[in-house]
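Structure first, then comments.
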Amino acid sequence: MSDTSLARLRWRCRRGTKELDALYGWWLEHRYAGADGDTRSAFEALLEVQDPDLWDWTIGRGRAPRADWQAIIDDIRARHRL
């Protein structure tokens with residue numbers, strides 16, 4: 001992945017709250033490089049979701065409508081004990 005592409009993803013991980021910034025930034029920095037192409041694509045699509053929905057799914061107030069998104073969220077939740 002090019003530095004420019006990674007920088008764009010870092011920018012997209014910047015959300016409306018520091019909590020979401022930290023959680024999704026963590027996944028980008030620690031999981032993205034080792035993920036397969038489908039999971040990377042799912043993560044990129046997940047970053048298009050509006051913050052209120054993303055927050056609700058992340059704290060367990062609901063579930064993402066896509067299983068691949070939920071798998072990423074579950075990984076974040078397990079790592080951060082949410």
Shape parameters for the chain, alpha-carbon atoms, Rg then Dmax in Å = 11.7, 35
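Segment 1-53: which chymotrypsin sites (Phe, Trp or Tyr not before Pro) are DSSP loop and have at most 16 other beta-carbon atoms within 10 angstrom?
On the way: sites: TRP11, TYR24, TRP26, TRP27, TYR32, PHE43; in loops: none.
Those that pass, being in a loop and sparsely packed, number zero.
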note = Rounded to the nearest 10, the angle in degrees between the Cα long axis of helix 3-13 and the longest principal axis of the Cα atoms of the chain comes to 20
message = Calculate the FRET efficiency for ILE59 and ARG31 from the Cβ-Cβ distance with a Förster distance of 25 Å, rounded to the nearest 0.05.
response = 0.85
note = So ALA22 and ALA78, fully extended at 0.36 nm per residue minus their Cα-Cα distance, gain in nm 18.7 nm
task = For segment 26-82, run through the trypsin sites (Lys or Arg not before Pro) and keep only the ones in DSSP coil with at most 14 other Cβ atoms within 10 Å of their Cβ.
result = ARG61, ARG63, ARG66, ARG81
task = Kindly express, to the nearest 10 degrees and within the range 0 to 90, the angle between helix 67-80's C-alpha long axis and the longest C-alpha principal axis of the chain.
result = 80
query = List the GluC sites (Glu not before Pro) in the chain that DSSP assigns to loop (not H, G, I, E or B) and whose Cβ has at most 11 other Cβ atoms within 10 Å. Which are they?
reply = GLU48
Pair SER2, GLN70: separation of 7 Å Cα→Cβ label points (nm) = 3.7
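Every number here is computed from the coordinates shown, using simple stated rules; none is lab data. Nothing here was measured: the structure is a model prediction, and the numbers come from that model. Heads up, the Cβs are rebuilt from the backbone with ideal geometry, glycines too, and the neighbour counts pull from every protein chain shown.
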